[in-house]
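S.K.: If you scroll down you'll find the structure; I have some questions about it.
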Amino acid sequence: MRHFGVLVACAAVGAFGLTAYGGGTSARRIPLRSPRPATSHLTAIVESRGRSRLARVNPSTLRTLRTSAWRTGAAWGWVTSPDGRRVALAECRRKCNSFVLRFASAATLRWKPGAAPLDGGFYAGLWPRPGKLYALVGGDTTLALDTVDTVSRKVVTSQPLAAPLLQLGRSADDLVVLAGTFNAIVPVRLLVIGSDGTVRSVTVQRILAGRHYDTKSQDPIGTTNLPGLAIDPSSGIAYVIDPSGLVAAVNLGNLSVAYHQLGSGSLLTRIADRLTPLAEAKGTNGNQLGAQWLGKGLIAVAGIQETATAQVDSYRPTGLRIIDTRNWSVRVLDQQADTFMVADGLILATGTRRSSGNTQHVYGEGLAAYGPDGSLRWRLKGLGGQLYLAEVYRSLALVDGHGTLHLVDLATGRVMHGPPPPAAGGLLLGPGSPTTPGFPWG
């Protein structure tokens, strides 16, 4: 099953450092509050052998209490009704060549008859009122907004949008999309999809984004640039963060754009300088970032830098950093991070270096936890090195080490004994599945 964990940026563990750049003075405390609300009744999607069920989960242990009698195909995302009583699950069919929406009761775990065929792969949804649901769907070259009648289980309209989708976020009521042009690196477009189904857009002229391959070459030369997207839901500002250190602040109300440059000594700028594609390189070269709004003017950002030659393809973390939008300074929290998740009182970081040629080498940095003051609280290693965060809920984390799930106590960083819970990547919290479509590079 596709992981629905909030993988909004890239992070890892490694040598800890805390440095202020760009005119910052004292390091501010980081507001660390999980974006996933706690609940007394927890529902999840669990999968076995490519088939999915709804499940009631113990919030204290993440272990399954009971499951739905009927199974669907592989789950790809979900969205809940305004009252939280129903869930619409995107089901992947025929090796993900087609998708449908299926509906179920969140209380009884019973599936409703019928399914709504979608016009592409499911990215995210809005269910603003009874009877009507909006599904963002598409593929490599397409993107559309399907309007679904939840009573008749039919798509009543489909509106084409700019494609392909590059990044995806959620404000208080809207979906926010970064979109580009197929096989091109061009000024990125920001789309705002409202709860009434309206779509507004603006071109962020100074930030380029996308992927490009020379299709005429026998060994295509690839270049990629993927900025991070972080949204402050309280102010209605979306921040588009380019690896060069340029940040565009977009007002989601009137779509005005203001540009800011991170401090000249920032790690982001130095990464961009090193990643100018080599003329002889073959494969993919470039930067890819993910970001998350933390509150009180702070943004977490991390990602990877990827390089390729005729002999070797490799990528390495850019590091986990905290951007202060009051003065556009940058603090380095973890040099070796490429992916992170935020829990209550902690920011969790993982990271991997990979190099492949005649022999593939993978170096995992384990899992690290940092507190609001930026200090390292604990570091977990010894689970195979290369670790991925599958779920974070309350004081627990599900960590995937080479295909084996481990339950980690966030208070101590210790692996809990006993069989791991099966609810990896499918907790139904909030209005819909997390809006970042997996790792931006995978």
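S.K.: Stretch Asn327-Met416 to full length: gain in nm at 0.36 nm per residue minus the Cα-Cα span?
M.R.: On the way: separation 89, 0.36 × 89 = 32.04 nm, distance 4.18 nm.
That works out to 27.9 nm of additional length.
S.K.: Could you tell me which residue out of Gly210, Ala74, Leu166 lies farthest along the dipole of segment 9-415 toward its positive end? Charges go on the beta carbon: Lys and Arg +1, Asp and Glu -1, centred on the Cα centre.
M.R.: Result: Ala74.
S.K.: Which log10 I(q)/I(0) values, to two decimals, does segment 327-416 give at q = 0.14, 0.16 Å⁻¹ under the Debye formula with one point per Cα?
M.R.: Result of the Debye calculation: -0.50, -0.63.
S.K.: Just flag the chymotrypsin sites (Phe, Trp or Tyr not before Pro) in segment 95-200 sitting in loop per DSSP whose Cβ has no more than 15 other Cβ atoms within 10 Å.
M.R.: Details: sites: Phe99, Phe103, Trp111, Phe122, Tyr123, Tyr134, Phe182; in loops: Phe182.
Filter output for segment 95-200: Phe182.
S.K.: Here's a follow-up. Determine, from the Cβ-Cβ distance of Arg51 and Val186 and an R0 of 60 Å, the FRET efficiency 1/(1 + (r/R0)^6), rounded to the nearest 0.05. Display every interim value, and only then the final one.
M.R.: Numbers: r = 41 Å, r/R0 = 0.68.
Rounded to the nearest 0.05, the efficiency is 0.90.
S.K.: Give me the percent of DSSP beta bridges within segment 9-415 that run antiparallel, rounded to the nearest 5. The partial results should precede the final answer.
M.R.: Numbers: 149 of 155 bridges.
Roughly 95 percent of the beta bridges in segment 9-415 run antiparallel, per DSSP.
S.K.: Amide H to amide H under 5 Å from Leu168: which residues, 5+ apart in sequence or cross-chain, H placed 1.01 Å off N in plane?
M.R.: Here the answer is Leu178, since their amide H atoms fall under 5 Å of that of Leu168.
S.K.: To continue, here is another question. Which trypsin sites (Lys or Arg not before Pro) does segment 108-165 hold that lie in a coil by DSSP with at most 13 other beta carbons within 10 Å?
M.R.: Details: sites: Arg110, Lys132, Arg153, Lys154; in loops: Arg110, Arg153.
Of the trypsin sites (Lys or Arg not before Pro), the ones in loops of segment 108-165 whose Cβ has at most 13 other Cβ atoms within 10 Å are Arg110.
S.K.: Normalised radius of gyration for segment 9-415, please: alpha carbon Rg relative to 2.2 N^0.38 Å, two decimal places.
M.R.: On the way: Rg = 21.4 Å, N = 407, 2.2 N^0.38 = 21.6 Å.
Cα-based Rg divided by the globular estimate yields 0.99.
S.K.: Then there is this: Straight-line reach from Lys95: which aspartates and glutamates have a Cα under 17 Å away, not including same-chain ones fewer than 8 places off?
M.R.: Glu47, Asp119, Asp140
S.K.: For Gln261 and Ala27, FRET efficiency with R0 = 25 Å and r from the beta-carbon atoms, rounded to 0.05?
M.R.: On the way: r = 21 Å, r/R0 = 0.83.
Using R0 = 25 Å, I get an efficiency of 0.75.
S.K.: Let me ask something additional. Could you please state, rounded to a whole Å, how far the C-alpha centre of segment 58-119 is from the C-alpha centre of segment 124-141?
M.R.: 15
S.K.: Next question. Using the Karplus equation 6.51 cos²θ - 1.76 cosθ + 1.60 (θ = phi - 60°), what ³J(HN,Hα) coupling, rounded to whole Hz, does each residue of segment 159-168 give in order, writing x for Gly and Pro?
M.R.: 9, x, 10, 4, 9, x, 6, 10, 9, 8
A short reminder: the numbers here are calculations on the coordinates, not readings from a lab. Just so it is clear, the model here is predicted, and its values are computed rather than measured. Note that each Cβ is placed from the backbone with ideal geometry, even for glycine, and that neighbours are counted across all protein chains shown.
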